[in-house]
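All of the numbers you see were taken from the coordinates with simple rules; none came from a lab. Remember, it's a predicted structure, so these values are computed and weren't measured experimentally. No Cβ is skipped: glycine too gets one built from the backbone with ideal geometry, and neighbour counts run over all protein chains shown.
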Amino acid sequence: MMVVDFKKMAVEFKKFFGLGSTQKFPALSIAESKLCMADDRFEFNVIADSDWNYKDSVQAYYKHSENRHEIGIKESVYKKARNGDRSALKKNKPLFNWR
């Protein structure tokens, strides 16, 4: 299992797409609506906090198999992110747990 710092990933995506460091990268919107258009095996799932089967330190996960690519995000984290509240993305608390 590999844990990835989502904030560092966003910095790399910004560089790749030629965005300035102060420009926002719409990661949530891309995950929700664009990735499934590019990959028919992709799923984006919001998981109720009561059904979250991971440590509290894991805010979202990525699962990859031959037939399925899935991002799951904890509902409370999703709601905060959707409302523009970045407090869910706490320093030194990786957003994604990659498997």
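Computed from backbone phi, the HN-Hα couplings of region 36-45 come to 5, 6, 8, 9, 6, 9, 7, 10, 10, 10 Hz, rounded to whole numbers (Karplus: 6.51 cos²θ - 1.76 cosθ + 1.60, θ = phi - 60°; Gly and Pro given as x).
Taking 0.36 nm per residue of separation and subtracting the current Cα-Cα distance, fully stretching the chain between Asp49 and Lys24 would add 6.3 nm. Couplings 3J(HN,Hα) for region 71-76, derived from phi with the Karplus relation 6.51 cos²θ - 1.76 cosθ + 1.60 (θ = phi - 60°), are 10, x, 10, 4, 4, 5 Hz, where x marks Gly and Pro.
When you count the other C-beta atoms within 10 angstrom of each residue and take the mean per peptide, 44-55, 18-29, 73-84 line up highest first as 73-84, 44-55, 18-29. Classify region 21-76 from the C-alpha gyration tensor, please: rounded if a/c falls under 1.5, else prolate or oblate depending on whether a/b exceeds b/c. Because a/c hits 1.5 or more and a/b fails to exceed b/c, region 21-76 counts as oblate. The local environment of Ser21, defined by Cβ-Cβ distances under 10 Å, has a net charge of +2 under the rule Lys, Arg +1 and Asp, Glu -1. For Ala38 and Asn83, a Förster radius of 22 Å and the Cβ-Cβ distance give a FRET efficiency of 0.25, rounded to the nearest 0.05.
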